[in-house]
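A short worksheet on the structure shown next.
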Amino acid sequence: KYRIEPVNDMTPEKVYERHWALAVLERALARLQDEQSGPEMAARARRLLPYLTGEEPASHREVAEELGMSEAAVRQAVHRMRKRFGHFLREEVGQTVADPAAVDSELRHLLAALG
């Protein structure tokens, strides 16, 4: 019976770190979404968020047509959103460390916990 069960090598420490990493990412993403106020900005953010979250995004052309933007403007908006998300992520991680110089190291640790 147990031979067909999936193998899971996750220790309690790894599970905790993964949950911590996901919580930090969720807080950064929530801050990004909160920043996009107003119905037009919220609709645009909804269409662009899949480029950040790993969901299957629509093509730039499709999003551009839907939002009444050029493809170049969509690419630029995605770039800006990624940059802003990175800023929020660094701030969130910065709140978890005592030394601001440790943020980069902690970000690497966060990404490793997700990997």
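The values are calculated or read from the model by the stated rules, or taken from the named source; none is laboratory data. All of these numbers come straight from a predicted model, not from anything done at the bench. All Cβ positions, glycine included, derive from the backbone under ideal geometry; neighbour counts span all protein chains shown. Please note that ligands, DNA and RNA were not included when accessible areas were found on the heavy atoms of the full protein model with its side chains. Shrake-Rupley method; radii C 1.70, N 1.55, O 1.52, S 1.80 Å.
In the range 16-75, what residues are outside any helix (DSSP H, G or I) and either touching a residue at least 40 places away in the same chain (Cβ under 8 Å) or of a type in the set (D, E, K, R) (or both)?
Across the range 16-75, the qualifying residues are E55, E56.
Give the number of residues within the range 83-115 that are open to solvent by 60 Å² or more (accessible area, probe 1.4 Å) and of a type in the set (D, E).
3
Can you confirm whether R80 is open to solvent by 100 Å² or more (accessible area, probe 1.4 Å), touching a Leu at 6+ places or on another chain (Cβ under 9 Å) and either under 23 Å from A112 (Cβ atoms) or free of Cβ contacts under 8 Å to residues at least 60 places away in the same chain (or both)?
No; evaluated as a whole, the condition is false for this residue.
Take the range 19-40 and flag every residue that is of a type in the set (K, R) and open to solvent by less than 90 Å² (accessible area, probe 1.4 Å).
Residue satisfying the conditions is R31 alone.
Mind listing whichever residues of the range 41-57 are at negative phi and surrounded by fewer than 16 Cβ atoms within 10 Å (Cβ to Cβ)?
Passing the criteria: M41, A42, A43, R46, P50, T53, E55, E56.
Rundown of residues vs (1) farther than 26 Å from A113 by Cα; (2) of a type in the set (D, E, K, R), yes/no style:
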{"residue": "M10", "(1), (2)": "no, no"}
{"residue": "P39", "(1), (2)": "yes, no"}
{"residue": "E62", "(1), (2)": "yes, yes"}
{"residue": "G94", "(1), (2)": "no, no"}
{"residue": "A101", "(1), (2)": "no, no"}
